[in-house]
Every structure is written in C-alpha cells, then in structure tokens.
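Data first, discussion second: the structure below is written as structure tokens.
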Amino acid sequence: MFIWNFIKSVLEWTGLLNKRGKLVFLGLDNAGKTTLLHMLKYDGVIPQEPTQMPSSLLFALPSLFLHSSLPISSPFTVYEELKIGNLRIGAHDLGGHEEARLVWKEYYHGVNAVVFIVDAVDRMRFPEAKRELDRLLNDESIANVPFLVLGNKIDMPYAASEDELRSALGLRLATTGKGQGISRGVRPLELFMCSVIKRRGYGDGLRWLTQFF
Amino acid sequence: MPLLNCEPCACTKCGAILNPYSRVNFQEKLWVCPFCLECSYLPPRLVNAADDNIPQELQACWSTVEYLLPTQSTPPAFFYVVDICMPAEELQALKESILLSITQLPSDSYVGLITFGTVVQVYDLTSTDITKSHVFSGTKDLTVEQVAEMLRLDPRGGSPLLCQVQQCDVALQTILDELVPDPWPLQEGCRALRSTGAALSTAVSILECLMPNLGARIMLFINGPCTQGPGMVLGSNLQETMRAHVNIETNTQLKHFSRAQKYYQALARRAAGKGHCIDAFMCARDQIGFLEMRDLVECTGGLTVLTDSFTQEVFKLSFSKMFDSTQRELDMAFNGILTVQTGKEFKVAGALGHCVSLERKSPSVCDYEVGIGGTCAWKMCGLNSTTTVALFYEITNQHGVEVPQGSFPVVQLRTEYTHPSGRRILRVTTHAYQWADPAKDLVDTGASFDQETAACLVARLAVHKTATEELVDTLRWIDRTLIRLVTKFATYTKGDASTFALSRNFSLFPQFMFYLRRSRFLRLFNHTPDETAYFRTVLNRETVLNMLTMIQPSLLTYQFGQPPTPSLLDYSSINPEHILLLDNYFRLVVMHGTTVAFWRSQGYQNEPSHAHFKALLEAPNKDIQDIVQERFPVPSVLICDQNSSQARFVVSQLNPSLAQQSRVDTSGGAPGENYFSDDVTLKKFMDYLMTLAVQGQ
C-alpha cells in the first residue's frame, strides 16, 4: 500500500496521472453559470455582472469535494491560490443573452463535456431554455459529447422540482441515468438539481460528468 | 483663457515663459524668471506695459494663456482602416457611420482609405469612374521604404491615396458603396483571415511619408482578431481559443502573445514618432486582441470604443460625436508636446496617461521614476478637451536643504499642439503652491489634501503597476498606501479603534479605495483580458470626475414627489417603490423596483389619473440624456426590473451590506433574503482599516 501511494504520488508529480478536461458552460442569461464557476474556482459567492465576452478559466476539481474552511472574506486576501489536484478543468464561460449565443458554436471544438444550466425558478423562460438545449443536443459538432443539465436555484421558494423541470425541458426519456457506467454508443445526458449559492447538488452532477473523461 | 497672437517671451537661460509669477520692472523693461532668477529684457511688443497697463500674460487671473505660433498651417488627415471580415449587416452599419463622418469633416481635411481581410487594399481616391486600389499581401511585413517605393509616395507632391475631402467625397462614396464582406473563401473549421497588423503598418508607413509631424489620425475599425501575418494574435483554426486571464497569469498557451504585443508596440512608437494618433473602434462579441494592441492607443493618445456590434448606438453615437462640430470646430488636437518645468523645490518624477516619453533631460527631472519618467517632455499625438495626464513630483529637500516654510514653489506646464484648423498653439499654465512641510505641519498639509484627485492618482498608479507585478501585490500596495495615510492623518487614541476619526477632506478616501479594489480595473473574474485592458485604457485618459464615476459608480434614486437624490452605493438603497439610476461610466442602468415594475406592467402610466407615476417613469430620461450628451465613449443605456437578469449590472456594483453569506444557513426572514454574497462589505473593510491604523504601524 505504501509503495503504491509512493508510485502514485510520483506519477502525479510528473503529470502522468493528471486528468484534464475541457468544459463549456452554457445556458440562458442569469442561469448562474458565472456564479457556479466563481464558486468552483474561489469557493465563494460574489454577485456577477452579466457576462459580455466569453472568458476561460482553469480550476482543480477536488476543491469541489473538499470544501475547505478558508473564508474568502478577509478584505486583504481575496485572491486564493488555486489547488492543483489530479483533475484540472479548463472551462469556457459564455454569456447567455441572445446576442452572446451567436459565439457559442466557436467554442465546441475539442470539448469533453457541456454543462447546461437552467434557472429552475424562471418558468417563463423554460421554453426558451428547452429550445437552446435542443439546438445544442442536435448540433453535429458536439454529437457525442456528454451533457450535464443543472437545474439551479432550488434554494428559492417556488423553484421547479426535478420532475417538473425534466418535463419542461423534454428530458423524460432522454436522460441516461445518474449511476456509474453507461452502454457504449449512447451520449451521457442527465439532469441534476442544485443551488450554487447554498453549495448543493452541483458536486454530484460534476462527479457524475467527470467519469466520462 | 486668452489666445495671444504673438510670440511667447521666453527666459534666455532656462526657456520658461513669462508668467504672472515673474517679477517685472516696467521702468527698466526687465523681468526676473521665477525658475532660474535670470534677468531678461521684455520683448519690444511689451515696451508700453506699465503698472496700469499689465499685459494679459502677467495678470494673476490668467494662470493659463495660449499663444498662436507663427507656422504654416496644414489641415489634418484622417485615415480610415476598415476590417471587411464581418457579416453584411455589420459592414452596412459601419459604412453608414463612415459616410456620415465624412460629411462632418472640415472640407479641406485629407482622407485616406484602407480595407483589410485576407489581403490589404489601399484605395486611389482620385479615380471617379472605376475603383482603383493597390493590393498588398496580408502576411508580409513591409518596411516604410518598401511601401513608399511600391506606392510611389512623394512627400512634396500630393498622392492619390490621401486627398482633401472636397475633392474625393464622390469617389469615396462610390468605393464604400461597392464594399462587400471579404470575398475570399472561408476554410471549414477556421476563422476569417484578418490582416490587421499588415493593414495598420501600411497606414502608418503612408502617413509617415506624406504627413510627417503633421496632424493625422488613423481610425481602425475591427470586428475580430488578427489571424495572419504580422501582429497575429490568434490562429485561424477554431481549435485554438483566445488567451484568457488564466493563461496570462500562468504564462501558458500564449503562442502569439508577446510577439504580437512587441509588434504593435513598435508600430505605436513609429506612429508616435511622427506625431500620428491611432483610434481603435472594436465592435465584436468576442475578444479581438486589444490587450496586445493597447499601446497603439495609449502611446498615441487615440480614442477607443469597445462594444458588441457596429449596429449599436454605443458605436454610432460615439463615432459621430468625435466629429461633432456644433461648437464650430472639432474637439481634437494633434501632435502635442507637454513640457514640465519646476523650480528647485521639487522635480518631476514621471507622468501617467496617454503619452510617450521624449527622453528630454533637464534640471526639472529627478532620478526617481514614477510611470513614464526620466524626462521633462512627453509627446501626446492625440488629445482633446478631456485628455488628462497625471504628473508625479518628488520633493527635492528630502536629503538636503529644507524648503522654507511658506515659500511658493512654481511649476510651469507648456503644451504645444496643432489645432484642427492646422494652426500651432502653445498653451502655458503656471502655478505656484504654498509650501507646507508634511514632516512639521500636518494640519496645513492635511487641509490641502484633495481626496478625489488622490483616489484617481492611486487608481492610475495601481493600473500601471498591474502591467509589471502580480495583481495581489497591487492590491496589497493599495492597502498599505491607505493604512499609511490614515495612520498619519486620522485622529485616534493609540490602540482604541472606537476613537478613530477622519477629517472631512479625508473621510471619503477609504471608501474610494474600497470600491477601487473591487472595481473592473482590478477584479478580473468574469472579464476577458480585452475588456480589462479597455477599461484601464479609458481610465488612463479621462478627467478626475469621470475617473471617480468609474471607480465608484454613482447611484441616483427617483421617488414620488421628490427630486432625484444621490444614494449610497449599497444594497440598502434598493427599494421596491423607487427607480435607481446606476452610472459606472461605461453603462447607465435604470432599475425599476418590483412595485414600480408591477404598476408599469399594469399600464398605470397610461391613465390620466396616474400622471405622477408617468412622470416618475420618465424622470431618469433627462439625466440620461445629459450624460449621453457629454460622454465619450457614449455609455450603453439599459432599463431593467429589480431581480431580473439585467439587474445584475446594478447589484454586482453594490456594497453587499445586507447580503447573506453562502456558508451561513439562515431560515428566511432575513433582510437581504435574495442577496447572497461572500464579498467583503464596506463596514468590514473599515473595521479592519481602523484596527490596523490605531496600532500605529
């Protein structure tokens, strides 16, 4: 056991065991893409302006599983060091408003997975979200890429339930199950409910997603 | 300010211009230079001056005078450099804006046109029947000599590439009408081939040959990144993506970055060397490489606009405002040179703004450098009524002889520039300051502290520091500066934070620093390097008032029966029955409270009985109009409802005083129910500051 740990740490150190993934975060404006990314990178919530231009960032996934108790709120050290674990994720955060969606397609090349976020409170916009999701699912250039759909903001009263959102997005028969493993040749697609600001749910979703890398 | 149609009278020894602080003996016709104490004769034109006939340049009320210099006047040149790799509707909107601008130009000014895509085309503006153009490869970097030879450029004779508007407006209109998006085929999975670098270099070379040291501006219109040839910032393959802040921080995947940056820096220096200015109008939904191209604008004093699309008002209004001649003449000046002269009490350490060093040494220059230092003169190729340069001085007595308390050190700023009419003007500003030694007299020093200007100087220095050091170091530097300042000027009992108090002209400074630390200039998350570079570039040229709006956005509240009132930039200012107007310089956001939004959705404003509600809804319009009228670039205007997606433009700027933290589990009923933020609040920031200050470090 000791020997194995030693070999593993050497491999990690040399970068041979480092898994890398490239994700795109998509969804309508105000779904919570940037807030989620901020949470993943800095482990804290800061209200964000609507994203104007696509920005990219890197983060290590373990920060998601080990919620460190470092508060980001000391006024004199806002910028945290990034912890490098064995799964490094590069993420493209794209604006969600209608004009910004025009550039989405330029970011599909070489992505390992798509994270599509939906505001579970904003029922008026479920049809619009469904339309964008369908367009993505039918896009040839990302035909076999795993999809994680996150229903965000379940901390709010009146948020849609998982069942309701599943129907509204037309995912009833399309999802492939939250368990491990999946039959070959099928595109993994699943819906997870979450609350970014309450740090709930997205960890399960991302853990599910990264098994396909 | 008087404009004197005569030659300025300069000191024979140090070159300082006669000013209200010079001692003059009218009987002997002598004046004593306040800088070097040299005695000189008054010029013949002032022989009649006497105590009851004091010339304007000596009157104390005119600290600034202008002299019209006797030089031949040449009208300025405007060179349009147009990207054609864009959808047809974008190009159409751009063409309309360009055509409109041509009608706004003074009819004797020169114009030129270059378009670029896969190739670079330089247009001949003299042929009216058929369009003639010279085509250059977009991948070659040609020298000035090569361009001059290929285009047969002769500085003495005119050139068909640069014509006066009155002679070529028809030809120009025909060329623009026929302009179509780049016809070269696009490869599958590739971006358009855009030769921005080659096109710019050609424009700079042409002006270098035809208009050396004369007023000229190159106006660059771009819709995407340079993808080939010199100055390439991104490969054409879609698999390659634009660099992000993370790549710059970690120095990874920066394939083209430093090469492109060096290329544009060299180009900027070439243009600045000949007195030409470069503007960048960037309308794109993704990054175009402004971070690399930033020096083009900052070294030459150009103007910038960054927005989504050429069809948007932000571009259209800003661009036409550049040539707005309602005040008789264009608000622009060319080929400026700023010279600073100081007395022996303090010396100039450097400047921060849109300028380049002329590397001119003088006794006014100190060894220590802040910003662009080591010189007493800077070139500012493009400037207008809002161009603001920050100058830093060093007190020279620190290691030697002390400046006597109560003496009046003098500073003279001389700005020579070309007016849009082609005339050369020298503006002379002379100031004397009452001396108070901060080591001895804290009260006098403190009383003259201007916290608004100080905040802006810290902002410019901080932005300047980010170019060479880690962001976290810059933030720490701001913290240290603030702590040092309040430790010195606040009143408190040592060790007791509750006794801490700041006098009136220091009281807002900590708050400015709080908002500066969380501003778009220093917080990079959710902004691309291009956006950050753009914000910093605008900050670097604007006035104190405009910079303050950028650092700490202004918030106005509108409510029934009351005039608009300025409100705290705080969550507590949100009220369902109020309308808020947030101004962060780049954007104006009107936010209707939930109740107001509900009433509006019910159509109350259309009922005569609710005229006062209609008046409330329309109340911000007047203020918005006033701001849009005077600002460059024109801000984008947005109206939204509280809690909507767009309301995040407002909420993200507010001090999160009432917000809940994501870690603290509260069960409803808390004041800021819907607001979550783990960010530092102003109160917490102040508490920290007071605790540190009273420790008396």
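For the reader, a short list of remarks on this structure follows.
- Filter pass, B:Arg600 being out of contact with any Ser or Thr (no Cβ under 9 Å at 6 or more places or on another chain), outside the structural domain of B:Phe281 (by TED's automatic domain parsing), among the charged types (D, E, K, R) and touching a residue at least 12 places away in the same chain (Cβ under 8 Å): yes
- Subset tally (residues that are of a type outside the set (Phe, Trp, Tyr), under 19 Å from B:Leu207 (Cα atoms) and modelled with pLDDT of 95 or more) for the range B:112-128: 7
- Cβ-Cβ contacts under 9 Å between residues 6 or more apart (or on different chains), taken from a first residue in the range B:185-196 that is within 12 Å of chain A (Cβ to nearest Cβ) to a second residue that is surrounded by fewer than 20 Cβ atoms within 10 Å (Cβ to Cβ) and outside any loop (DSSP other than H, G, I, E, B), are listed as B:Gly189/A:Ser141; B:Gly189/B:Asn237; B:Cys190/B:Asn237; B:Arg191/A:Glu106; B:Arg191/B:Asn237.
- Where strands (runs of 3 or more DSSP E) sit wholly within the range B:18-76, none has at least 2 residues that are closer than 17 Å to B:Val428 by Cβ, modelled with pLDDT of 90 or more and touching a helix residue (DSSP H, G or I) at 6+ places or on another chain (Cβ under 8 Å).
- A single entry from B:Phe525, B:Phe506 fulfils the requirement of being of a type in the set (Phe, Trp, Tyr) and either over 30 Å from A:Asp93 (Cα atoms) or at pLDDT 95 or above (or both): B:Phe506.
- A:Ala120 being more than 14 Å from chain B (Cβ to nearest Cβ) and under 20 Å from A:Pro54 (Cβ atoms): no
- If you check B:Met282, B:Met242 for being within 14 Å of another protein chain (Cβ to nearest Cβ), in a loop (DSSP other than H, G, I, E, B) and of a type in the set (A, V, I, L, M, F, W, C), only one passes: B:Met242.
- Evaluating B:Asp129 against the criteria (1) assigned to a helix (DSSP H, G or I); (2) exposed (fewer than 14 other Cβ atoms within 10 Å of the Cβ) leaves one unmet condition, (1).
- Members of the range B:62-95 found to be without any contact (Cβ under 8 Å) to a residue 12 or more places away in the chain and closer than 20 Å to B:Ala280 by Cα, listed by number: B:Gln92
- One residue alone among B:Arg460, B:Arg523 is more than 11 Å from chain A (Cβ to nearest Cβ) and either in a loop (DSSP other than H, G, I, E, B) or within 20 Å of the chain's Cα centre (by Cα) (or both), and that residue is B:Arg460.
- Scan of the range B:412-435 for residues that are hydroxyl-bearing (Ser, Thr, Tyr) and modelled with pLDDT of 90 or more, ordered by number: B:Thr415, B:Tyr417, B:Thr418, B:Thr429, B:Thr430
- Test: residue in the range B:431-454 that is hydroxyl-bearing (Ser, Thr, Tyr), out of contact with any strand residue (DSSP E or B) (no Cβ under 8 Å at 6 or more places or on another chain) and part of a loop (DSSP other than H, G, I, E, B): yes
- Per-region count, the range B:463-483, residues in contact (Cβ under 8 Å) with a residue 60 or more places away in the chain and more than 14 Å from chain A (Cβ to nearest Cβ): 2
- If only residues of the range B:386-411 that are polar (S, T, N, Q) and modelled with pLDDT of 90 or more are counted, the one that is surrounded by the most Cβ atoms within 10 Å (Cβ to Cβ) is B:Thr387.
- B:Val314, sole failed condition from (1) out of contact with any Pro (no Cβ under 9 Å at 6 or more places or on another chain); (2) touching a residue at least 24 places away in the same chain (Cβ under 8 Å): (1)
- Residue in the range A:33-48 that is nearest to the other protein chains (Cβ to nearest Cβ), counting only those that are in a helix (DSSP H, G or I) and β-branched (Val, Ile, Thr): A:Thr34
- Cβ-Cβ distances below 8 Å connect the following pairs, each with a first residue in the range B:382-402 that is closer than 30 Å to B:Arg424 by Cβ, a second residue that is surrounded by fewer than 15 Cβ atoms within 10 Å (Cβ to Cβ) and modelled with pLDDT of 90 or more, and a separation of six or more residues or different chains: B:Thr386/B:Thr543; B:Thr388/B:Thr543.
- Remark: A:Met156 matches the filter, which requires a residue to be free of Cβ contacts under 8 Å to residues at least 40 places away in the same chain, over 14 Å from the mean Cα position of the chain (by Cα) and within 16 Å of A:Gly32 (Cα to Cα).
- Entry remark, the range B:132-146: residues being outside any loop (DSSP other than H, G, I, E, B) and crowded, with 22+ Cβ neighbours inside 10 Å number 1 in total.
The values are calculated or read from the model by the stated rules, or taken from the named source; none is laboratory data. Quantities reported herein were computed from a predicted structural model and do not represent experimental measurements. Glycine gets a Cβ as well: all are built from the backbone with ideal geometry, and neighbour counts include every protein chain shown.
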